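Beneath this line is the structure, given in structure tokens, with notes to follow.
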Amino acid sequence: MERIRGNKALKFINKLSVDHEPGLTSAQLMLANEDLKPVEPERRQWGAWNFVGFWIADSFNINTWMISSASIINGLSWWESWITVWVGYSIAACFICATGRIGATYHISFPVVSRASFGIWGSLWPVFNRAAMACIWYGVQSWIGGTCVYLMIRSIWNSWNTIPNTMEGSGTNTRDFVSFFLFWFCSLPAIWFPVHKIRHLFTVKAYFVPVAGVAFFIWAIVRAHGIGPIVKQRGTLTGSAHAWEVIKGIMSSIANFATLVVNDPDFARFARKPRDAFWSQLFTIPIGFAITSFIGIIVSSSSTVIYGQPIWSPLDLLTRFLDEGGSGQRFGVFIIATAFALAQLGTNIAANSVSAGTDMTALLPKYLNIRRGGYICALVGLVMCPWNLLSTTNNFTTYLSAYSVFLSSIAGVIICDYYWVRKGYLQTRDLYSAKRDGPYFYTFGVHWRGYAAYISGILINVVGFAGAVGNSVPAGATYIYNLNFFCGFIVSATMYYILCRFFPIPATSDTWLEVGDDVRNLSVAYDNSDSYEEPVTTQQFAKDAEVMDLESGDTMKGDF
């Protein structure tokens, strides 16, 4: 009887396993499934305009709307604060394109990319690190989305604002919890669709949400009979205080993108060709986010005329509009709140659920794919009770934002490894190999050089990080932390390059050599090597080039 029960349990567990290539060893089942393998040509459906729509859609969110507020409150003029947004997001776009090219060239996701830098098993910590943060952020962003739903419902039924509270002592009330749950529940269908098809959500968002934002912009100016006093006031800072505030504004924009910097290969791997993920992202990111920030500045400036004080949160301003009453006001608030809810949904999918789903796929490939990982992320976002986290401490969101900056150390290692150490050369099939003699197995599957560089990038920021979440630290640490992303990135990248120079690693190239297109429908099973076209080595490439020169009598030129 016990044996029968054991067999039934085993059959049930086997039914839970996801699709994977037959013939994989037990170790490979911890490294590969269909969602982790390189994207085959049939699913490479993201063109340049899909990336444009993706970033236009992502740029319109509440965080970006308010990103200039801190700098203006701290003493910068509106145009100085706006310039910091332009500069910050332009720099962030460069980092995005740098990591995105890896995914677009080899069609692999962040968890697989990180195996080259941190080792086959060593990559699990950076992956887990990012997955945990994505789950927490999913809950926080869903709670904000719930506020949008509250405004939508109240626009139709104003009595929603005064429904009885049956959740005393829970940290929230019935009205806010139901609004949050509705947003959370309505987000679930979006997680179902494969990543290469979810681009249609961002296309719809790219058309609807910016139009609603411009309508909000015009509505606020008309009500205020002008653009308000914020655009006329001068900055109040001078000297070094002024310079440091400018730097903090730039770093705030970059820090807002820290997760997406390492996340971009998860989407870029679906690009038809690397160029589709380059120019479209390089220009759309700073333009889209700067325009959203500008709208936020002007609307907040107009609110000063209407209510006697600047209201930086668009949701708070919409609540004020509802308090005034009137059918026209309610209709306008409903449309704009719907746009913000869609904006939160798109941002949550792009930055959190897809990221967490992809990461969880790498943590347990035999039983998890991106879809299942996304639903686990959503479940964690619900059961973590985000209202308690946001209400118990004012430093919680500061902690989340500051903690994400430490992803710069991961980005530093990965970018240095790909561009300066390997010069674009990856042996794709070996990224799924658990063989001890594999080029990415290193020491017990962990790349100690990558970890040494990663920890170095963290250490330079760790004291300033403690200060960012409310502890007393020396002024020097604060100044270093004001340059947090750059410090973490530069230190980790430099340390990694030096270590790899003194302790060389395998599978590198002496010249620029990207061979991503040599791999089509990749088989990673050890006994199926016939279906895999081995990339040329640097030595073989040089030999073939020499033969071609001798046969043609010409000198081969080009950037390889």
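Before moving on, here are some points about what is shown:
- Length gained on full extension, PHE181 to TYR367, computed as 0.36 nm times the residue gap minus the Cα-Cα distance: 64.2 nm.
- C-alpha long axis of helix 327-348 to longest principal axis of the chain, angle in °: 20
- Efficiency of FRET from Cβ geometry, ASN158 and HIS225, R₀ 30 Å, rounded to 0.05: 0.65
- For the pair ARG501 and LEU382, label points projected 7 Å from Cα toward Cβ lie 5.3 nm apart.
- Protein heavy-atom surface of the chain, 1.4 angstrom probe: 63% of the accessible area is carbon and sulfur, with nucleic acids and ligands not counted.
- The chain - percent relative contact order, Cα under 8 Å, separation 6 or more: 27
- Charge dipole of the chain about the Cα centre (unit charges at C-beta), most positive-ward option of PHE177, ALA190, THR428: PHE177
- Separation of the stretch 127-183 and the stretch 318-336, taken as the distance between their Cα centroids, equals 20 angstrom.
- Derived scalar couplings between HN and Hα for the stretch 470-486 equal x, 8, 7, 9, x, 4, x, 5, 5, 5, 5, 5, 4, 10, 3, 5, 5 Hz in order, rounded to whole Hz, by the Karplus curve 6.51 cos²θ - 1.76 cosθ + 1.60 (θ = phi - 60°), x for Gly and Pro.
- Sites ALA132 and ALA452, calculated FRET efficiency, Cβ-Cβ separation with R0 22 Å, nearest 0.05: 0.45
- Acute angle (nearest 10 degrees) that the helix 407-416 long axis makes with the longest principal axis of the chain, alpha-carbon atoms: 40
- Cα convex hull volume per residue for the chain (Å³): 191
- The lysine pair count for the chain, using Cα distances under 30 Å and pairs eight or more places apart or on different chains, is 29.
- One decimal place: the segment VAL211-GLU40 gains 58.0 nm when fully extended, by the rule 0.36 nm per residue minus the C-alpha distance.
- Helix-only mean residue ellipticity at 222 nm for the chain, each DSSP H run of n ≥ 4 adding -39500 (n - 2.57), per residue, nearest 500: -20500 deg cm²/dmol
- Excluding ligands, DNA and RNA, the accessible surface per residue across the chain is 43 Å² with a 1.4 Å probe.
The values are calculated or read from the model by the stated rules, or taken from the named source; none is laboratory data. This one's a predicted model, so the numbers in the text were calculated from it and none came from an experiment. Counting neighbours? That spans all protein chains shown, and the Cβs are built from the backbone with ideal geometry, glycine included. Keep in mind that these areas ignore ligands, DNA and RNA; they rest on the heavy atoms of the full protein, side chains included. Shrake-Rupley method; radii C 1.70, N 1.55, O 1.52, S 1.80 Å.
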